[in-house]
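J.: Input: one structure, supplied below.
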Amino acid sequence: MIARADVKRAHRFVVAAKKLASLPSHRNVVELLGVSIDKIPSYTFHAYVEGGNLRDYLQKINKQASTSNPKSSRKQQKITQPAKYKELMRFAYEVTSAMNFLHKRKFLHPALGARKILLGENNCSKLFDFWPETEAIEIVSNLLPLPNAPIAWLSPESVFLGIYGFEGDVWSIGIFLWELFSFGEEPYKGKTKDQIETKLRQRVQLNRPTYCPGSIYGIIMSAWEKDVEKRPTSNKIIDDLKIFLEKENIANIDDGNYRYYSIDSGEDYDKLDRLNIDVHEDGVIYG
């Protein structure tokens, strides 16, 4: 006999699975291949992504920089490699664009962090472990009481009040950007759960990474606004990143296989369509 609680969980899973199956494909989101609901427990099946996670990749860069020339500054080496700097900016734009894509469709990404971003072909970043809004809220509610809850990636209102939503995801985008420019360093590394909670209560923010551009840290700080209504949307963060890229003269990010441009006018879309060039809804050229 199946317990009533199991039946209830199975029903919630089916509802979530249907929503996941209806999600359009996105280059920076791990593709859902199928769902098994015939038996309990049920399963989702996703495309295999071969490149490991972004946190490990960033830490690998960190290690390589320190061993290649131990006499020079590790961080100085990393930031003076144009390809690596441009790659960081590409990751920032890709992940934020993917989050905006999910938010527009009422999906959330509980405790977003570099460890929950996979790398595919040509180091294309891909988000996984995202859920429809209702299910994501329940996931966070179940995580919070755990001794190993990922509170370093969660907003204060989630940690202390159990409130989680799109504004909480924006806070996590800020944490992700901090991780990115810290080359995979763990936020609040070495701190216990209680110590992290104390930092959050006292509004002690993570310091600006040494080579994080001031404008990027400004975006990060805006995502960490105490007042949730003052936090930017994921779409606003994309706009701010575009402005920064244009000022830095790296608006066109080319990884050798994909090019990313801001496309604004309908005329531009029409021209690209005639050339059979795929343009994502966020104004990004793929191809």
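The values are calculated or read from the model by the stated rules, or taken from the named source; none is laboratory data. Owing to the predicted nature of the structure, the values given are computational and were not obtained by experimental measurement. Glycine also receives a Cβ, built like all others from the backbone with ideal geometry; neighbour counts cover every protein chain displayed.
One line per residue, one yes/no per condition, for (1) in contact (Cβ under 8 Å) with a residue 12 or more places away in the chain; (2) of a type in the set (Ser, Thr, Tyr); (3) surrounded by 24 or more Cβ atoms within 10 Å (Cβ to Cβ); (4) farther than 18 Å from ASP56 by Cα:
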{"site": "LEU127", "(1), (2), (3), (4)": "yes, no, no, no"}
{"site": "GLU135", "(1), (2), (3), (4)": "yes, no, no, yes"}
{"site": "SER141", "(1), (2), (3), (4)": "yes, yes, no, yes"}
{"site": "LEU146", "(1), (2), (3), (4)": "no, no, no, yes"}
{"site": "SER158", "(1), (2), (3), (4)": "yes, yes, yes, yes"}
{"site": "ILE163", "(1), (2), (3), (4)": "no, no, no, yes"}
{"site": "PHE166", "(1), (2), (3), (4)": "yes, no, no, yes"}
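Residue by residue, here is whether (1) of a type in the set (Ser, Thr, Tyr); (2) in a helix (DSSP H, G or I); (3) modelled with pLDDT under 85 holds:
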site: ARG9; (1), (2), (3): no, yes, yes
site: PHE13; (1), (2), (3): no, yes, yes
site: LEU20; (1), (2), (3): no, yes, no
site: SER25; (1), (2), (3): yes, no, no
site: LEU33; (1), (2), (3): no, no, yes
site: PRO41; (1), (2), (3): no, no, yes
site: VAL49; (1), (2), (3): no, no, no
site: ARG55; (1), (2), (3): no, yes, no
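J.: Another question about this same structure. Does THR198 satisfy the condition of being within 21 Å of ARG55 (Cβ to Cβ), surrounded by fewer than 16 Cβ atoms within 10 Å (Cβ to Cβ) and in the same structural domain as VAL170 (by TED's automatic domain parsing)?
T.: Working: within 21 Å of ARG55 (Cβ to Cβ): no; surrounded by fewer than 16 Cβ atoms within 10 Å (Cβ to Cβ): yes; in the same structural domain as VAL170 (by TED's automatic domain parsing): yes.
So THR198 does not fit the description; no.
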